[in-house]
Amino acid sequence: MELRYFAWLRERVGTGHEVVETEAATVSALVEELRARSEAHAFALSDLTSVRVAVDQQLVDFDASISEAREVAFFPPMTGG
Amino acid sequence: MSIRVQDAAFDMGAELNAFSQALADNGVKAGAIVSFCGVTRDVAEGDLDAMVIEHYPGMTEAALGDIRAQAMARFSLAGAMIVHRYGRLAAGEIIMMVATAAPHRADAFAGAEFLMDYLKSRAPFWKKEITTRGESWVDAKDTDEAALKRW
């Protein structure tokens, strides 16, 4: 599964893109796996109230299924305009 | 083109003229055209050197297209366009613009406000300020999320 990180999540994780093998069924389960992956991941994903997630480029909640997902992206609340 | 995401600067006057001309060329009758331009400003209380805008290629275009389609349907717009820049912008540069066209001005104004409210909180852009004191990501405001509730 392809993972993407943007803005300060990208900086904290240390990369904007990585490929992981996962059996996680939901975004929340994936987050738990990622937190165990490295201290940088744990730091980036420590407070989910300031993290948004997209599955295959659609905004979703953390309980969303990722069993069919190709790409999951984590990023802060958006600040366009 | 109705949706554009680009690093290059653009001329807002030329964009607006092209939008208006395209409506005329297609025989679309619109009595009202409204436009809005966002300009890089000094949000932090330092001296802003630059604003760096990051986005999520692919999702950005899809999100903007979806927001535009919602506005077109909801306000019976005759046309709508969005241009948004990314990359490094100096203070005072134009970041983005929207324009809407409708038979009457109320829908054109409302459509433009709807586009802006949704674009700020639902299109994957992130701003980082580069100031004389350092760099910092711009925090989303609670008021931006609250602004969606009026629609």
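The table below lists the values:
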{"quantity": "Surrounding net charge for A:Arg70, when Lys and Arg each add one and Asp and Glu each subtract one, Cβ distance under 13 Å", "calculated": "-3"}
{"quantity": "Residue among A:Leu9, A:Leu45, A:Leu30 farthest towards the positive dipole end of the stretch A:2-75, charges placed on Cβ", "calculated": "A:Leu9"}
{"quantity": "Per-pair calculated FRET efficiency, R0 = 35 Å: B:Lys29 and B:Ala91 via Cβ, rounded to 0.05", "calculated": "0.30"}
{"quantity": "Highest-MSF residue in chain A out of A:Thr26, A:Thr49, A:Thr15 [GNM, Cα springs under 10 Å]", "calculated": "A:Thr49"}
{"quantity": "Residue order, fewest to most surrounding Cβ atoms within 10 angstrom, among A:Val19, B:Val52, B:Val98, A:Val13", "calculated": "A:Val19, B:Val52, A:Val13, B:Val98"}
{"quantity": "The stretch B:115-151 versus the stretch B:31-94: alpha-carbon centroid distance in Å", "calculated": "11 Å"}
{"quantity": "Nearest-ten-degree value, helix B:12-25 long axis tilted from longest Cα axis of chain B", "calculated": "20 degrees"}
{"quantity": "Dipole in debye (nearest 20) - the stretch A:2-75, about Cα centre, beta carbon charges: Lys, Arg +1; Asp, Glu -1", "calculated": "300 debye"}
{"quantity": "Under 27 Å from B:Lys127, Cα to Cα: lysines that are on another chain or at least 8 residues apart", "calculated": "B:Lys141, B:Lys149"}
{"quantity": "Neighbour-count ranking [beta-carbon atoms within 10 angstrom, fewest first] of B:Lys149, B:Lys128, B:Lys141", "calculated": "B:Lys149, B:Lys141, B:Lys128"}
{"quantity": "Fully extended contour minus Cα-Cα distance, from B:Lys149 to B:Arg74, at 0.36 nm per residue", "calculated": "25.5 nm"}
{"quantity": "The stretch B:3-148 - percent relative contact order, Cα under 8 Å, separation 6 or more", "calculated": "33 percent"}
{"quantity": "Top positive-direction residue, dipole computed over chain B with Cβ charges, set B:Phe125, B:His104, B:Ala69", "calculated": "B:His104"}
{"quantity": "Check: the protein assembly as shown dipole with +1 on Lys, Arg Cβ and -1 on Asp, Glu Cβ, in debye", "calculated": "760 debye"}
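All of the numbers you see were taken from the coordinates with simple rules; none came from a lab. Just so you know, these numbers come straight off a predicted model, no measurement behind them. Heads up, the Cβs are rebuilt from the backbone with ideal geometry, glycines too, and the neighbour counts pull from every protein chain shown.
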